[in-house]
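Scroll down for the structure; my scribbles are underneath it.
Read-outs: derived from the displayed coordinates by stated rules, not from any lab. All figures in this text were calculated on a predicted structure; none of them were measured in a lab. Don't worry about glycine lacking a Cβ; one is built from the backbone with ideal geometry, like all the others, and counts go over all protein chains shown.
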């Protein structure tokens with residue numbers, strides 16, 4: 001046998017052996033109430049070069065399983081049963097020294113929350129450099145720029161010199177992806193890696209992951225609540241429910257013919273698959289169910305918000321005392337009718353969130369006006385601004401960053417009621433309990449703290465807090481991007497009910513066009529700070545006029561999947 005034959009046989013053996021195999025995994029946490037079994041009898045297999053997606057609602061054990069595989073469980077958690085085999089080596093109880101050797105070069109990680117995983121006092125480039133150097137790789141300026149560029153960050157040399165707070169939410173997530181991919185690991189654990197990204201950048205990042213899979217044999221363990229994304233990108237899908245794997249199989253086969261009742265609920269609730277369901281319903285001349293109904297004509301009779309020639313210019317530092325102007329929002333005008341939902345969509349950095357901050361009076365416009373009920377909000381006196389804030393409430397994108405880690409959940413939700421002197425202690429407690437019920441959180445959550453909740457649970461707390469003062473207008477900045485599909489559907493239906501019963505108005509900032517298709521009456525498309533297209537939802541989705549809008553629509557994950565109109 002020749003040397004080449006030996007290499008071929010060795011390569012074949014490696015390809016046939018699972019890269020990661022999880023057998024009957026059990027994970028236990030020690031809590032103040034005793035031991036809690038977070039994962040039980042979980043199993044999955046990932047072959048070299050394969051993409052496997054784990055889907056399920058918040059708290060189902062998806063992220064916990066992934067953290068166990070890379071040895072990053074919290075200090076109160078432990079693997080209490082089963083095995084985690086990496087290329088045949090049992091690492092379920094491997095010492096920390098061995099796990100440090102594996103992290104980076106063998107197993108990469110892209111965590112979910114960019115603000116809590118990026119050091120706020122270190123420049124982005126330094127954080128990439130630290131990862132490269134720690135794994136024995138060159139970390140020069142060009143090496144750093146290459147890593148950032150591959151993750152979809154433009155002008156990478158300049159971006160490397162900026163801090164996390166100077167990035168948008170999507171750009172911060174891309175920086176995390178750059179760090180996770182920087183050492184070209186054989187296995188990449190991606191925990192909601194694109195939840196903060198617009199659809200076009202999401203496609204770019206996921207295309208890059210697929211390129212690594214084919215060229216380098218890199219396998220991907222994708223943790224996601226986006227079932228359409230899982231179906232489009234993964235070879236296999238593993239469904240977890242209450243800490244157990246309830247179903248697994250080839251992605252399209254599982255989604256088209258789900259067997260477990262929970263999987264069927266997930267498929268029915270997936271917003272990224274809704275475009276197909278809506279289209280099927282229209283073709284058959286029937287009403288699509290479980291969609292948010294547009295507001296009545298009576299409720300939409302007047303404009304509660306008028307955005308007129310809005311412009312916001314920032315000064316960008318260029319070193320040596322020099323700076324340049326950057327127009328984050330440039331000449332934007334649109335109206336929001338009372339009782340309707342207007343969605344602003346576009347890529348990260350298009351100016352969506354900047355518009356939202358100016359509407360909330362968290363940023364002052366450089367030029368232009370924002371009229372609320374016909375009153376220019378820029379001239380409000382402090383007492384009037386205080387009243388304005390009760391009538392217009394935000395739901396921010398990053399729940400971990402917008403919740404005070406020192407407040408328990410009861411105090412977090414009660415705080416706006418106390419600040420605005422609403423009710424007494426007993427009535428406020430009753431209101432908090434009602435709000436927790438509305439956002440599908442158990443009342444026992446009141447005594448817990450943000451760090452004890454999953455990302456989706458934290459976002460539900462943020463939504464409950466925004467609803468506390470019964471506002472007239474809610475600015476939703478990526479309000480459901482962190483939620484699993486079942487809770488996402490519940491929250492969207494909750495917002496619809498509130499809109500119908502109370503005449504609420506929503507300004508919905510999002511990168512998820514699949515959600516927009518379900519909820520919005522009107523759509524505003526932004527690109528590089530400018531408004532490039534507006535119209536009703538049907539007009540924009542069915543007859544887009546701009547190439548940019550068409551590109552956004554074509555990038556919706558799962559949009560081209562031919563699912564049956566109903567899942568029995």
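Computed quantities for the displayed model
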| quantity | calculated |
| --- | --- |
| With Cα atoms, 0 to 90° folded angle of helix 485-502 axis to the chain main axis | 10 |
| Taking 123, 352, 550, 236 and counting other C-beta atoms within 10 Å, the order from fewest to most | 550, 123, 236, 352 |
| Full-extension gain in nm, residue 444 to residue 314, via 0.36 nm per residue minus C-alpha separation | 42.4 nm |
| Between 0 and 90°, nearest 10: helix 124-134 axis offset from the chain longest Cα axis | 10 |
| Segment residue 184-residue 371, length gained on full extension (0.36 nm per residue, minus Cα span) | 62.3 nm |
| Percentage relative contact order, the chain, counting C-alpha pairs under 8 Å, at least six apart | 16 |
| Estimated FRET transfer efficiency when R0 is 22 angstrom, pair residue 500-residue 385 (beta carbons, to 0.05) | 0.15 |
| Acute angle (nearest 10 degrees) that the helix 199-216 long axis makes with the longest principal axis of the chain, alpha-carbon atoms | 0 |
| Over the chain - Rg/Rh using Cα atoms and the Kirkwood inverse-distance radius | 0.97 |
| Two-site FRET efficiency, residue 87 against residue 550, from Cβ-Cβ distance with R₀ of 51 Å, rounded to 0.05 | 0.70 |
| Separation of the residue 98 and residue 122 label points, Cα + 7 Å toward Cβ, nm | 2.7 |
| Helix-only [θ]222 nm of the chain, DSSP H runs n ≥ 4, -39500 (n - 2.57) each, per residue, nearest 500 | -11500 deg cm²/dmol |
| Gain on full stretching of the segment that runs from residue 252 to residue 437 - 0.36 nm per residue minus C-alpha separation | 63.1 nm |
| Modelled FRET efficiency - R0 22 Å, residue 430 with residue 470, Cβ distances, 0.05 increments | 0.95 |
